[in-house]
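Working notes, structure below.
The values are calculated or read from the model by the stated rules, or taken from the named source; none is laboratory data. All of these numbers come straight from a predicted model, not from anything done at the bench. Here Cβ is always computed from backbone atoms with ideal geometry, including for glycine, and neighbour counts include all displayed protein chains. Ligands, DNA and RNA are stripped out before the accessible areas are found, and what is left, the full protein with its side chains, is counted by its heavy atoms. Shrake-Rupley method; radii C 1.70, N 1.55, O 1.52, S 1.80 Å.
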Amino acid sequence: MVYAIVKFGDPVLEREAETVTEFDTPELHQFLEDMFESMYVAKGVGLAAPQIGVSKKIAVIDCSNGENPEEKLVLINPRIVKVEGRQEGEEGCLSIPGFREQVRRGRRVTVRAQDAHGVEFVKTGEDLLARALLHETDHLYGKLYITHISVLKRDLMKRKIKKKQRAGDWD
């Protein structure tokens, strides 16, 4: 099932998601498959559950865009444990379509998370994967990438979004 992407302005995107406590259920496995399918249809590299209206600490990432099944990554209850170096690059978000900004992030990132079976693991990623790990984990704690840009750029973006909302071009 393909879920609709929730857009900026929906409160689910700006609050911390709930910790997942039940693992290895048919419902969770189906939900994860649906998240990957929804992400691929939306042409994303990552997707967090709040972006489809589900306030759970679940995110999926695939930097290969479905080309390499081994790159599919499920993060449940992730926590960033280490950030090294710096990279700056253009970043966008499926929940803020049509907008992209330069964002400074860590170049190498280590996250501790659980898989669909509840087994804890540690994953380290560099460059695009590091950016995706930080971006998707932020979503689970109610933060959007625009919190990492200047107040001036953020306010300008919010004004443009409000204009689109008034014109009926956002929902």
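Using a probe radius of 1.4 Å on heavy atoms only, what accessible surface per residue do you get for region 14-157? Whole Å² is fine. Before the final figure, lay out each step's value.
Values: 7060 Å² over 144 residues.
Dividing the accessible area of region 14-157 by its residue count gives 49 Å².
Along the Cα-to-C-beta direction of E18, a point sits 7 Å from the Cα; which residues of region 33-71 have their amide N less than 18 Å from that point?
In region 33-71, the label zone of E18 (backbone N under 18 Å from the point 7 Å along Cα→Cβ) covers 48-59.
Under the rule of at least 5 residues apart or a separate chain, name every residue whose amide H is placed under 5 Å from the amide H of E18.
Distant-sequence amide H within range of E18: K56, K57.
Using only helices, what value at 222 nm comes out for the chain when you add -39,500 (n - 2.57) per DSSP H run of length 4 or more and divide by the total residues, to the nearest 500 deg cm²/dmol? Walk me through the intermediate numbers first.
Details: 3 runs with 46 residues, N = 171.
Helix contribution divided over all residues of the chain: -9000 deg cm²/dmol.
Please turn the phi angles of region 4-20 into ³J(HN,Hα) values with the Karplus equation 6.51 cos²θ - 1.76 cosθ + 1.60 (θ = phi - 60°), one per residue in order, whole Hz, x for glycine and proline.
So the Karplus estimates, Gly and Pro as x, are 6, 7, 6, 9, 3, x, 7, x, 4, 7, 10, 9, 5, 7, 7, 5, 7 Hz.
Amide H neighbours of E91 under 5 Å, counting only residues 5+ apart in sequence or on other chains, H built in-plane at 1.01 Å?
E101, Q102, V103
Please give the Cα centre distance for region 131-166 versus region 1-73, rounded to the nearest Å.
Computed from Cα coordinates, the inter-centre distance equals 18 Å.
Starting at the first residue of region 107-123, write each ³J(HN,Hα) from the Karplus equation 6.51 cos²θ - 1.76 cosθ + 1.60 with θ = phi - 60°, in whole Hz, x for Gly and Pro.
Result, rounded to whole Hz: 7, 10, 10, 10, 10, 10, 8, 10, 8, 5, 9, x, 7, 6, 8, 10, 10.
Please report the carbon-and-sulfur percent of the accessible area for the chain; probe 1.4 Å, protein heavy atoms only, DNA, RNA and ligands left out. Spell out each step's value before the answer.
Numbers: 4350 of 9070 Å².
Heavy-atom surface of the chain belonging to carbon and sulfur, 1.4 Å probe: 48 percent.
Could you tell me which residue out of Q165, L47, S150 lies farthest along the dipole of the chain toward its positive end? Charges go on the beta carbon: Lys and Arg +1, Asp and Glu -1, centred on the Cα centre.
The Cα lying farthest towards the positive end belongs to S150.
How many nm is it between the label spots at R159 and E27, if each spot is 7 Å from the Cα in line with the beta carbon?
4.6 nm
List the residues whose amide H sits under 5 Å from the amide H of R107, counting only those 5 or more places along or on another chain, with H placed 1.01 Å from N in the peptide plane.
E84, G85, R86, Q87
Would you kindly derive the ³J(HN,Hα) couplings of region 90-97 from the backbone phi angles with the Karplus curve 6.51 cos²θ - 1.76 cosθ + 1.60 (θ = phi - 60°), listing them in order in whole Hz, with x for Gly and Pro?
Calculated HN-Hα couplings, in order: 6, 9, x, 8, 4, 7, 10, x Hz.
At a probe size of 1.4 Å, how large is the accessible area of L134, to the nearest 10 Å²?
20 Å²
Relative to the present Cα-Cα distance, how much length would full extension add between E71 and V41 at 0.36 nm per residue of separation? Please list the in-between numbers first.
Values: separation 30, 0.36 × 30 = 10.80 nm, distance 1.72 nm.
Separation in residues times 0.36 nm, less the Cα-Cα distance, equals 9.1 nm.
Report, in listed order, any pair from K7/K153; K82/K162; K123/K164 with a Cα-Cα distance greater than 28 Å. Walk me through the numbers before you get to the answer.
Numbers: K7/K153 18 Å; K82/K162 36 Å; K123/K164 39 Å.
The answer is K82/K162; K123/K164.
How high is the relative contact order of the chain, in percent, with contacts defined as C-alpha pairs under 8 Å that are six or more residues apart?
Numbers: 314 pairs, mean separation 40.4, N = 171.
Over the chain, the number comes to 24 percent.
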